[in-house]
Amino acid sequence: MKQYRYFSYLFLLLAAVLSGFSCSKHSDIIPENTSNEIKIDSIIPSARDLLVWQQCSITVYARGNDLEYNWKTDHGSMVGLDSVTVIYWGCPSCIGTNTVKCTVSNSTGSVSDTIMLHVRKQ
């Protein structure tokens, strides 16, 4: 009977020590979605192959706090240059492959990504 009681106490002590390690909090774990860090997940156009004057919408999907957007293109026109979605179209002088760039920024910095759109004759 003494041996049973000895092992019972030993088991309880071991369980207490192990549960103390498993329940300790980690102060280095940061909850998701509390960072100002910017991430661009994707830039999605409604079409990649466009006819001259055909419009397409382009939306950027980004994460971070207090985001600001700036869009640029090497050829073509866009409206909504400070928003999540822009409308793009190309004129006859824009025939070919055109680059659209979105820069997303906040107080921590900025990140950019580009997509390619092809404008062709009708």
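The values are calculated or read from the model by the stated rules, or taken from the named source; none is laboratory data. These numbers come from a predicted model, not from an experiment. Note that we place each Cβ from the backbone using ideal geometry, even for glycine, and neighbour counts take in every protein chain shown. Just the protein is used for accessible areas: all its heavy atoms, side chains included, with ligands, DNA and RNA removed. Shrake-Rupley method; radii C 1.70, N 1.55, O 1.52, S 1.80 Å.
Miscellaneous remarks
- A single entry from Ile87, Ile58, Ile44, Ile40 fulfils the requirement of being open to solvent by 60 Å² or more (accessible area, probe 1.4 Å), among the hydrophobic types (A, V, I, L, M, F, W, C) and not in a loop (DSSP other than H, G, I, E, B): Ile44.
- Condition met for Met116 (open to solvent by less than 60 Å² (accessible area, probe 1.4 Å), modelled with pLDDT of 95 or more and in contact with a strand residue (DSSP E or B) (Cβ under 6 Å, 6 or more places away or on another chain)): no
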